[in-house]
Amino acid sequence: MPTTKKNVLITGVTSSIGRNLTQHLIQNPRVGFILGLGRDKLPYYFKDLDRSRFLYRNCNILKYRELKNLFLSRVFKDCAIDTVVHLAFHNRQMHGKDVHLLNVHGTKNLIEACIGTGTVTKFVFKSSDSVYKLRPSNPVFLDEHAELNHDPEADQWIKDRVDADMICRAYMDSKTMRIVILRMASIFGRNIGGQYNSYFDSKIVFRTMGFNPMINLLHMKDVIRAIELAIFKNVKGIYNIAGKDTAPLATFADLNHSFCLGLPEPLLGPLNWATRALGLTRYYYEVDRQRQKYTGLLDIAKARRELGFEPEGHIEF
Amino acid sequence: MKQHQRRTALKLAKSLLPAEEFKRVMSLKINDTGFGYDPFGLEKETAVLGFALAWQLYHYWFRVQSSGQEHLPEGGRVLYVPNHSGVLPFDGMMIAVDLVSRSAQPRLVRGMVDHFMGFLPFVNTFFYRAGQVVGARRNFVDLLERDEAVIVFPEGAKGTGKRWHNRYRLLRFNVGFVELALQYRAPIVPVAVIGAEEQAPMLHNLKPLAKLMGFPYFPITPFFPWLGPFGMLPLPVRYHLYYGKPIDFYRDYPPETVKDPATVRMLADKVQLAVQGLVDEGLRRRTSIFDFTGE
């Protein structure tokens with residue numbers, strides 16, 4: 001491992017991952033400075049952090065000029081930021097142009113601005129396992145070369161993730177910056193957004209009748225560990241990141257003490273729409289239509305080999 | 001399955017099996033991820049119950065006789081390569097039961113099933129829980145890397161759809177299994193299944209209907225579709241299984257051989273000849289198709 005300190009910029013620092021990552025990295029003596037970007041006021045949980053090592057800035061990454069100004073600012077130069085971790089993504093199942101702009105154009109703006117500085121040498125992007133296409137003919141384990149979901153009928157939530165992932169891949173050959181894409185399995189835990197958190201939040205969960213695919217859940221500890229390894233290891237490329245716990249969907253529902261009811265597939269969409277409209281769930285079925293039926297576990301052999309990543313955290317319900 | 005369902009499944013299996021068989025099947029080990037399943041979805045209790053149900057067919061319906069167990073490797077990765085026939089794939093099921101029931105070291109054999117199985121509600125879950133895996137190359141590799149015993153039908157789904165006049169004439173083997181056997185240094189055990197061709201004599205294949213329904217074939221047999229779903233019941237023929245000597249291509253051919261399609265083809269043909277030889281020998285030895293006498 002290199003001994004030089006890393007100065008890290010984190011976008012989406014107020015997200016649950018951003019918050020946990022910041023609080024973890026600040027303890028790491030190999031991290032010199034952390035510059036957090038968000039769109040809200042300085043949250044209370046960052047107020048106790050050492051100001052000599054952490055700074056929070058408001059910045060809209062959609063505004064290229066604003067981003068450029070930040071990168072040309074004295075703060076940025078004084079901090080000597082050399083690593084960017086991009087976490088600014090709409091996690092809630094919202095639709096529309098604004099969401100798409102942040103998810104896709106925000107990523108593009110940021111990556112171009114980073115390359116433009118010439119001083120940022122590492123760009124870490126947190127992607128998702130939902131970028132992979134799931135079919136019954138899939139192998140159980142999907143490696144980084146597995147087919148992506150380019151289905152034009154796919155939900156915007158998936159399309160945005162695929163687009164952002166593809167944008168990062170398009171810049172992978174950059175000579176000045178190493179890009180690392182971490183495609184993560186569903187993260188599960190307290191105070192975390194995400195599909196399976198919303199799914200298991202309910203006391204009654206619905207699944208596609210006649211199907212019970214194997215799923216993998218990722219602990220926040222492993223998410224932070226994977227990003228940390230991506231920051232410090234001299235690597236670039238795409239890595240799948242999965243957790244320690246793999247079981248059928250219904251088994252996780254049982255462990256969560258949720259009542260799991262199988263229903264015919266055509267009923268699930270309208271039922272989910274109705275329960276969302278009544279405020280009974282935040283789970284968005286359309287995103288998981290295929291994942292409710294077909295298994296697609298992430299093969300983490302490459303992450304093991306090159307990043308030294310090994311999942312450790314067990315999911316607690 | 002929930003804990004109480006697992007206990008019920010084991011109780012049911014125990015009631016269906018002789019004590020010795022139950023002991024043998026319970027001695028099988030799975031690569032448990034911590035929740036009672038392996039990553040491919042195998043659940044021991046479902047596999048045991050599946051075995052108990054299949055054993056009824058094995059013992060009472062098909063009255064399977066087998067020989068050549070002395071050739072079977074006791075551990076490590078291995079490919080079982082049989083002929084394929086019978087409209088419905090009971091042949092794979094009977095081999096899987098035989099390998100648990102009559103081999104010196106009971107082994108769970110993983111079958112590679114057709115993609116369309118994944119579409120079928122309930123069926124897909126039962127198959128995965130019982131240890132079957134979708135026939136994707138990557139799954140095959142993962143199983144071999146985990147030193148599993150894998151059964152592969154190189155004739156493909158077309159094998160079970162052979163017409164009556166082509167019975168016991170093997171279709172040309174696909175070559176994928178040879179490539180993987182070379183790459184992963186796995187022995188190939190040729191297996192002959194005698195009896196399956198007669199369990200549902202296929203007189204005709206209604207191809208347009210099969211295409212419409214997304215099936216590999218639509219069989220017309222003396223009983224199907226005339227008797228409805230009952231027409232799919234196999235006839236109580238006697239099955240004979242013959243295991244040949246393992247073929248260790250990897251000893252003579254390096255893994256780079258997979259880059260030479262002609263050699264790979266030739267090796268696949270060799271395996272086909274070995275299986276065909278066992279089939280012909282089995283047919284010569286057979287005295288009766290149904291043979292209700294003796295064990």
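Distance from the Cα centre of region B:136-186 to that of region A:255-317, in angstrom?
Region B:136-186 and region A:255-317 have Cα centres separated by 33 Å.
What translational diffusion coefficient, in µm²/s and rounded to a whole number, does the Stokes-Einstein relation yield for region B:64-285 at 20 °C and a viscosity of 1.002 mPa s, taking the hydrodynamic radius as the Kirkwood radius over Cα pairs?
120 µm²/s
Where in region A:33-83 are there trypsin sites (Lys or Arg not before Pro) that are in a DSSP coil and have at most 15 other Cβ atoms within 10 angstrom of their Cβ?
Passing both the DSSP loop test and the Cβ count: A:Arg39, A:Lys41, A:Lys47, A:Arg51, A:Arg53, A:Lys63.
If amide hydrogens are placed 1.01 Å from N in the peptide plane, which non-local residues have theirs closer than 5 Å to the one on B:Phe218?
B:Leu206, B:Ala210
Filter the chymotrypsin sites (Phe, Trp or Tyr not before Pro) in region B:121-201 to those in DSSP coil with at most 13 other Cβ atoms within 10 Å of their Cβ, and list the result.
Here the chymotrypsin sites (Phe, Trp or Tyr not before Pro) that fit, given the DSSP loop and packing criteria, are B:Phe122.
Between B:Thr221, B:Thr160, B:Thr33, find the one with the highest GNM mean-square fluctuation for chain B; connect C-alpha pairs within less than 10 Å.
Result: B:Thr33 has the largest fluctuation of those listed.
When only C-alpha pairs under 8 Å and at least 6 residues apart count, what is the relative contact order of chain B, in percent?
Here the relative contact order equals 22 percent.
Scan region B:211-293 for chymotrypsin sites (Phe, Trp or Tyr not before Pro) in coil per DSSP, keeping those whose Cβ has at most 15 other Cβ atoms within 10 Å, and list them by number.
Counting only loop positions with at most 15 other Cβ atoms within 10 Å, the chymotrypsin sites (Phe, Trp or Tyr not before Pro) in region B:211-293 are B:Trp226, B:Phe290, B:Phe292.
Taking neighbour counts of Cβ atoms within 10 Å as a proxy for exposure, in what order, fewest first, do A:Cys59, A:Cys260 appear?
Fewest-to-most ranking of A:Cys59, A:Cys260: A:Cys260, A:Cys59.
Over all Cα pairs of the protein assembly as shown, how is the pair count split among 20 Å bins, expressed in % and running from 0 up to the last occupied bin?
Result, from short to long distances: 18, 44, 28, 9, 0 percent.
Using θ = phi - 60° and the Karplus form 6.51 cos²θ - 1.76 cosθ + 1.60, what ³J(HN,Hα) does each residue of region A:281-295 get, whole Hz, x for Gly and Pro?
Couplings: 8, 10, 6, 10, 5, 4, 5, 9, 3, 7, 5, 6, 10, 10, 7 Hz.
Of A:Asn60, A:Gln290, A:Ile179, which is farthest on the positive side of the dipole of chain A, counting Cα position, with +1 on Lys and Arg Cβ, -1 on Asp and Glu Cβ, and the Cα centre as origin?
A:Asn60
About its Cα centre, how strong a charge dipole does region A:218-317 have in debye, to the nearest 20, once Lys and Arg get +1 and Asp and Glu get -1 at the Cβ?
Using only the charged Cβ atoms, the result is roughly 320 debye.
Separation between the B:Asp252 and A:Asn58 pseudo-spin-labels, each 7 Å from Cα along Cα→Cβ, expressed in nm?
7.8 nm
If Lys and Arg each add +1 and Asp and Glu each add -1, what is the summed charge of the other residues whose beta carbon sits under 9 Å from the beta carbon of B:Glu197?
Local net charge: +1.
Distance from the Cα centre of region B:228-285 to that of region A:47-109, in angstrom?
Rounded to whole Å, the Cα centres lie 61 Å apart.
Pairing the Cα long axis of helix A:265-277 with the longest principal axis of chain A, what angle in degrees results, from 0 to 90 and rounded to the nearest 10?
The answer is roughly 60 degrees.
At B:Asp291 and B:Asn166, where each label point lies 7 Å from the Cα along Cα→Cβ, what is the point-to-point distance in nanometres?
Using points 7 Å along Cα→Cβ, the separation is 2.6 nm.
Treating only the Cβ atoms of Lys and Arg (+1) and Asp and Glu (-1) as charged, compute the dipole magnitude of the protein assembly as shown about its Cα centre; round to the nearest 20 debye.
1360 debye
Just from its helices, what would the mean residue ellipticity at 222 nm be for chain A, if runs of 4 or more DSSP H residues each count -39500 (n - 2.57) and the sum is divided by every residue, rounded to the nearest 500 deg cm²/dmol?
Calculated at 222 nm, the ellipticity per residue is -9000 deg cm²/dmol.
List the longest stretch of chain A that has no exposed loop site; here a site is one of the GluC sites (Glu not before Pro) assigned by DSSP to anything other than H, G, I, E or B, with at most 10 other Cβ within 10 Å.
Longest gap between qualifying sites, sites excluded: A:154-315.
Amide H of A:Phe33: which non-local residues (sequence gap of 5 or more, or other chain) have their own amide H closer than 5 Å, using H built in the peptide plane?
For A:Phe33, the qualifying residues are A:Asn7, A:Val8.
Using the Cβ atoms and a cut-off under 10 Å, what net charge is assigned to the surroundings of A:Gly32, where Lys and Arg are +1 and Asp and Glu are -1?
So the environment of A:Gly32 carries a net charge of +3.
Of the options B:Leu144, B:Gly277, B:Gly195, report the single residue whose Cα projects farthest towards the positive end of the charge dipole of region B:64-285 (beta-carbon charges: Lys, Arg +1; Asp, Glu -1).
B:Gly195
Report the one residue of B:Tyr80, B:Pro216, B:Val134 whose Cα lies farthest in the direction of the positive end of the charge dipole of region B:64-285 (charges on C-beta: Lys and Arg +1, Asp and Glu -1; origin at the Cα centre).
B:Pro216
By how many degrees, 0 to 90 and rounded to 10, does the Cα axis of helix A:16-25 deviate from the longest principal axis of chain A?
That works out to roughly 40 degrees.
Helix A:106-117 against the longest principal axis of chain A: what's the angle in degrees, Cα atoms only, rounded to the nearest 10?
Approximately 20 degrees, to the nearest 10.
Using the crude model of +1 on Lys and Arg Cβ and -1 on Asp and Glu Cβ, and no other charge, please compute the dipole size for region B:64-285 relative to its Cα centre, in debye to 20.
480 debye
So what J values fall out for region A:134-151 if you push phi through Karplus, 6.51 cos²θ - 1.76 cosθ + 1.60 with θ = phi - 60°, rounded to Hz, Gly and Pro as x?
Along region A:134-151, the couplings run 10, 9, x, 8, 4, x, 5, 9, 10, 8, 5, 8, 5, 5, 8, 7, 9, 4 Hz.
Have a look at the DSSP beta bridges in the protein assembly as shown and tell me what percent are antiparallel, nearest 5.
20 percent
Within 10 Å of each Cβ of B:35-41, how many other protein chain Cβ atoms are there on average?
6
What FRET efficiency comes out for the pair B:Arg265/A:Glu147, r = Cβ-Cβ distance, R0 = 45 Å, nearest 0.05?
Efficiency at R0 = 45 Å is approximately 0.95.
Among the complete DSSP H segments of chain B, which ones combine at least 15 Å of alpha-carbon extent along their axis with a mean Kyte-Doolittle hydropathy of -0.5 or more?
Span-like helices here: B:44-56, B:90-101, B:261-285.
Net charge near A:Phe71, counting Lys/Arg +1 and Asp/Glu -1 over other residues with Cβ under 14 Å of its Cβ?
So the surrounding residues net to +2.
Count the DSSP beta bridges whose two residues both fall in chain B, then state the antiparallel fraction as a percent rounded to the nearest 5.
Antiparallel bridges: around 35 percent, rounded to the nearest 5.
A short reminder: the numbers here are calculations on the coordinates, not readings from a lab. All of these numbers come straight from a predicted model, not from anything done at the bench. In this analysis, Cβ positions are derived from the backbone assuming ideal geometry, glycine residues included, and neighbour counts consider all displayed protein chains.
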